Amino acid sequence: MNRQFAYPKGYSAYPRGGGGTFSISPHKFQPRSQPALRRRRQLFVKLSALAGLSLLLLFLLVPSWRALILPSISVGLFSSSHDDLSLETVRYYDLSDTQGTAMGWHREERVLMCTPLRDAAAHLPMFFSHLRNLTYPHHLIDLAFLVSDSKDDTLESLSARLTELQNDPDPKMPFGEISVIEKDFGQQVNQDVESRHGFAAQAGRRKLMAQARNWLLSATLRPTHSWVYWRDADVETAPFTILEDLMRHNKDVIVPNVWRPLPDWLGGEQPYDLNSWQESETALALADTLDEDAVIVEGYAEYATWRPHLAYLRDPYGDPDMELEIDGVGGVSILAKAKVFRSGVHFPAFSFEKHAETEGFGKMAKRMKFSVVGLPHYTIWHLYEPSVDDLRHMEEMEIERQQREEKEKEEKAEAERQQKMKQDTKEEYEQGSATAKKNTDKAAGQEADQRQTEAESSEKESSAKGEKEDAIPRNPEKEGSSQDKSNDKTY
């Protein structure tokens with residue numbers, strides 16, 4: 001068997017060097033020179049430094065990279081607290097910091113301001129003017145709107161005004177987070193006064209409004225909110241400090257008094273919101289006689305509850321900070337602590353103790369031992385919306401006004417005509433008097449001239465006669481005897 005012969009020191013039987021068949025050029029596998037290795041090491045160092053700097057920048061600027069890199073670096077060696085949770089999908093909230101206090105603006109407590117809108121385009125200019133004037137720090141107020149069942153351009157107008165508000169150059173003007181939700185609830189009741197406030201529509205309308213409020217609240221309430229403020233868009237006048245004024249009372253639920261201005265011919269003013277009231281024995285007895293799904297509404301002859309209404313307790317000169325415990329609340333302006341809603345209180349879209357929506361909300365809050373108060377002497381003013389009767393009466397008044405103005409116009413024209421006639425008569429009289437005087441003076445002058453002429457004629461005749469007598473010869477004896485006779489007769 002042929003075996004390969006090995007030489008000492010490990011050399012094989014193949015020839016080494018020379019020009020044999022198996023000779024290998026040794027220069028192909030010799031180590032690289034030192035400058036080439038140095039350049040390669042420098043390149044590796046630069047690439048490593050660049051990679052490290054890139055990772056550092058990503059770690060500092062991109063939170064998601066921190067969340068990925070930090071656990072790998074720590075390898076579980078460092079314990080993490082709640083403040084160290086840095087995952088993008090994890091949030092930690094301490095709700096003890098959002099309970100709501102009397103000095104919320106000092107503690108930078110956030111307020112969620114909720115406003116349901118339906119065919120409210122005409123009211124938005126007035127509403128946004130109120131928003132601009134609020135003195136509570138705007139960056140602490142989050143706005144939430146629900147546009148439902150609208151037939152006008154409420155949504156478009158709202159979007160335009162929000163854009164203008166948030167782009168205001170005044171840094172104190174823009175608000176915090178803004179949510180606009182659009183959802184229809186099948187509300188068929190028209191927005192005119194007669195339809196909205198008609199007794200037949202109240203129960204169904206209130207239940208759908210309760211659904212709208214609950215949808216808006218559940219979609220926009222955040223763990224960072226300490227207060228929830230409900231405000232209707234058709235409030236005409238309210239203090240700019242209303243949030244601070246209501247918040248200072250530190251109540252779970254608080255409402256102001258709501259009136260509305262009226263024309264002078266209707267009395268000047270009137271209570272508007274009758275849904276803020278204290279419970280009465282008569283109302284409780286009435287509730288026991290109604291069906292399970294019935295809803296009691298205030299201000300209608302069909303339900304005589306004889307409850308003390310917050311609106312009728314108003315004194316224009318009373319203390320605006322005076323508090324009154326109430327059971328039902330009106331929805332025009334409500335300030336409530338967020339914990340009330342987090343505890344499960346909501347706006348019942350069903351008959352809760354024979355009430356729904358805001359009145360049911362007040363009853364439910366009282367049932368859960370929250371404080372519910374109203375301020376009888378702290379008043380805001382709702383926009384006046386004339387009813388059909390008011391419009392009819394105003395049309396009658398307008399007709400009467402036009403008739404009165406027409407009559408006054410005719411009387412004025414008649415008076416001017418009479419005055420003109422008197423003036424013309426006076427002028428004619430004065431002209432006639434002047435003419436008569438002129439004629440009289442002329443006649444007098446002519447008479448004087450005639451008398452003068454006659455006198456001159458008489459004088460001429462006398463002169464002629466005298467001259468004639470002088471021309472006649474006289475008899476002295478006769479004259480003397482005549483003179484003696486006359487003397488004798490005289491004496």
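None of the figures in this text is laboratory data; all of them are computed from the coordinates on show. This is a predicted model, so every value here is computed, not measured. Note that we place each Cβ from the backbone using ideal geometry, even for glycine, and neighbour counts take in every protein chain shown.
For each pair in 151/366; 151/339; 183/366; 207/339; 151/363, compute the distance between the two Cα atoms and list the pairs where it is over 27 Å. Over 27 Å Cα-Cα: 151/366; 151/339; 183/366; 151/363.
Among 368, 209, the order by Cβ neighbours within 10 angstrom, fewest to most, reads 368, 209.
The overall shape of the range 100-383 is rounded: from the C-alpha gyration tensor, with semi-axes ordered a ≥ b ≥ c, the ratio a/c is less than 1.5. Taking a point 7 angstrom from the Cα of residue 397 along the C-beta vector, which residues in the range 241-260 have backbone N less than 18 Å away? Counting only backbone N, you get 260. Rg and Dmax, both from the Cα atoms of the range 250-314 and both in Å, are 14.5, 43. Proximity of backbone amide H atoms, modeled 1.01 Å from N, is registered between residue 182 and 147 at under 5 Å, excluding neighbours fewer than 5 places apart on the same chain.
The range 85-138 and the range 225-283 have Cα centres separated by 19 Å. Estimated from the Cβ-Cβ distance and a Förster radius of 60 angstrom, the FRET efficiency linking residue 293 and residue 413 is about 0.35.
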